[in-house]
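Participant: Quick one: the structure is below, questions incoming.
The values are calculated or read from the model by the stated rules, or taken from the named source; none is laboratory data. As the structure is a prediction and not an experimental result, all values here were calculated from the model. Glycine gets a Cβ as well: all are built from the backbone with ideal geometry, and neighbour counts include every protein chain shown. Note: areas computed on protein heavy atoms with side chains; ligands, DNA, RNA excluded. Shrake-Rupley method; radii C 1.70, N 1.55, O 1.52, S 1.80 Å.
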Amino acid sequence: MNRKYLIAGNWKMNKTSDEAAELVREIVQTVGQQMDVEVVVCPPFTALSAVAPLLEGATVKLGAQNMHPSASGAFTGEISAEMLRSHFSSYVILGHSERRSLFGETDASVNEKVRAAIKNQLKPILCVGETLEEREANETLSVIERQLEGGLKDVDGEATVGLVVAYEPVWAIGTGKVASPEQAQEVHAFIRGWLKTRFSESVSQKMRLLYGGSMKPSNAQELLTQTDIDGGLIGGAALDANSFIDLVTAAREQG
Ligand code: PEP
């Protein structure tokens, strides 16, 4: 199965609208017309409207970093799927470990968001990953299984079109400690096997699985050559145009 590589930048709480526009201009100028790799940028909410027009006519897509599952209402500080759609987002990162550990998100709340995103034609990038303690206690695969079961509860096979799973070991996020290609591949293969059992062979073969956690141009190739790694969710290295472009180039070289 030939899955198109996906390189997504999670900018987290970085970049004003002007800075975001500058970064996106550089990305679009260099990789904004290629079709070999799907490229997604996920700026903060406040920069979506500055970035969206710069992506017109380019192959780079827009994503958000979170959303509320409700359509509207008294949810101070929150953003709905429809609001993201009106800003031309096509993807949304859900269940990032920072949302889970710092903002109390659970598998159940992530699941509500996943289902609301799908209902609103947003493609979720569902993040899963174990902490260092969980890895050391040999719990990695059971944690991933629990997060997949919880996050994808009541999602049916047809609804998985476009859905992406990102394996992000918490101990590798923003730490400079990257999972070895073997460690990452083991979990990716487990996720693909789980998808096959839960949905079907066809769903498991079509769905893209990203690796995230200190991925950068110098370690991209060894990760991207693994059978079940279909791209990267990039934090720190997505904030610099050259390193992000180099990651897209690394994925193109594998394609
Ligand atoms: C992330 O937070 O999604 C991430 C992968 O961060 P970093 O690349 O900085 O480790």
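Participant: Does the stretch 132-141 contain any residue that is in contact (Cβ under 8 Å) with a residue 24 or more places away in the chain and either under 15 Å from the mean Cα position of the chain (by Cα) or within 15 Å of the ligand (Cβ to nearest atom) (or both)?
Facilitator: Within the stretch 132-141, one or more residues are in contact (Cβ under 8 Å) with a residue 24 or more places away in the chain and either under 15 Å from the mean Cα position of the chain (by Cα) or within 15 Å of the ligand (Cβ to nearest atom) (or both).
Participant: Of the conditions (1) within 16 Å of the ligand (Cβ to nearest atom); (2) on the phi > 0 side of the Ramachandran plot; (3) touching a strand residue (DSSP E or B) at 6+ places or on another chain (Cβ under 8 Å), Gly174 satisfies every one except a single condition; which number is it?
Facilitator: (3)
Participant: Quick test of your reading of the structure: Cys42 fulfils all but one of (1) in contact with a strand residue (DSSP E or B) (Cβ under 7 Å, 6 or more places away or on another chain); (2) on the phi > 0 side of the Ramachandran plot. Name the failing condition by number.
Facilitator: (2) is the only condition that Cys42 fails.
Participant: Against the conditions (1) open to solvent by 40 Å² or more (accessible area, probe 1.4 Å); (2) within 17 Å of the chain's Cα centre (by Cα), where does Gly129 fall short? Just the number, please.
Facilitator: All conditions are met except number (1).
Participant: Look through Leu54, Leu48 and report the one residue that is open to solvent by less than 10 Å² (accessible area, probe 1.4 Å), farther than 11 Å from Phe244 by Cα and either touching a residue at least 12 places away in the same chain (Cβ under 8 Å) or more than 16 Å from the chain's Cα centre (by Cα) (or both).
Facilitator: Leu48
Participant: A follow-up question, please. Of everything in the stretch 239-251 that's β-branched (Val, Ile, Thr) and surrounded by fewer than 22 Cβ atoms within 10 Å (Cβ to Cβ), which residue is nearest to the ligand (Cβ to nearest atom)?
Facilitator: Ile245
Participant: From the list Gly95, Gly129, pick out the single residue that is in contact with a Ser or Thr (Cβ under 6 Å, 6 or more places away or on another chain), of a type outside the set (Val, Ile, Thr), within 16 Å of the ligand (Cβ to nearest atom) and modelled with pLDDT of 95 or more.
Facilitator: Among Gly95, Gly129, only Gly129 is in contact with a Ser or Thr (Cβ under 6 Å, 6 or more places away or on another chain), of a type outside the set (Val, Ile, Thr), within 16 Å of the ligand (Cβ to nearest atom) and modelled with pLDDT of 95 or more.
Participant: While we're here: Evaluate the stretch 197-210: report whether one residue or more is among the polar types (S, T, N, Q) and within 10 Å of the ligand (Cβ to nearest atom).
Facilitator: no
Participant: Right, another one. Can you report the number of residues in the stretch 1-33 which are open to solvent by 20 Å² or more (accessible area, probe 1.4 Å) and farther than 21 Å from Ala166 by Cβ?
Facilitator: The total comes to 11.
Participant: Okay, moving on. So if I check each of Gly193, Gly162, Gly157, which one is more than 16 Å from the ligand (Cβ to nearest atom) and under 17 Å from Ile7 (Cα atoms)?
Facilitator: Only one candidate passes the filter, namely Gly162.
Participant: To continue, here is another question. Taking the condition of being out of contact with any strand residue (DSSP E or B) (no Cβ under 9 Å at 6 or more places or on another chain), at negative phi and of a type outside the set (Gly, Ala, Ser), how many residues in the stretch 3-27 meet it?
Facilitator: Of the residues in that region, 8 qualify.
Participant: Out of everything in the stretch 73-123 that is in contact (Cβ under 8 Å) with a residue 60 or more places away in the chain and among the small types (Gly, Ala, Ser), what residue ends up being surrounded by the fewest Cβ atoms within 10 Å (Cβ to Cβ)?
Facilitator: Per the stated criteria, the residue is Ser101.
Participant: So which strands (runs of 3 or more DSSP E) stay within the stretch 132-238 end to end and still have 2 or more residues that are surrounded by fewer than 16 Cβ atoms within 10 Å (Cβ to Cβ), modelled with pLDDT of 95 or more and not aromatic (Phe, Trp, Tyr)?
Facilitator: Those strands (runs of 3 or more DSSP E) do not exist here; none qualify.
Participant: Which of the residues spanning the stretch 98-126 are assigned to a helix (DSSP H, G or I) and either more than 22 Å from Lys153 (Cα to Cα) or within 16 Å of the ligand (Cβ to nearest atom) (or both)?
Facilitator: The answer is Glu98, Arg99, Arg100, Ser101, Leu102, Val110.
Participant: Somewhere in the stretch 110-124, is a residue touching a Pro at 6+ places or on another chain (Cβ under 8 Å) and within 22 Å of Ala47 (Cβ to Cβ)?
Facilitator: Yes, the stretch 110-124 has at least one match.
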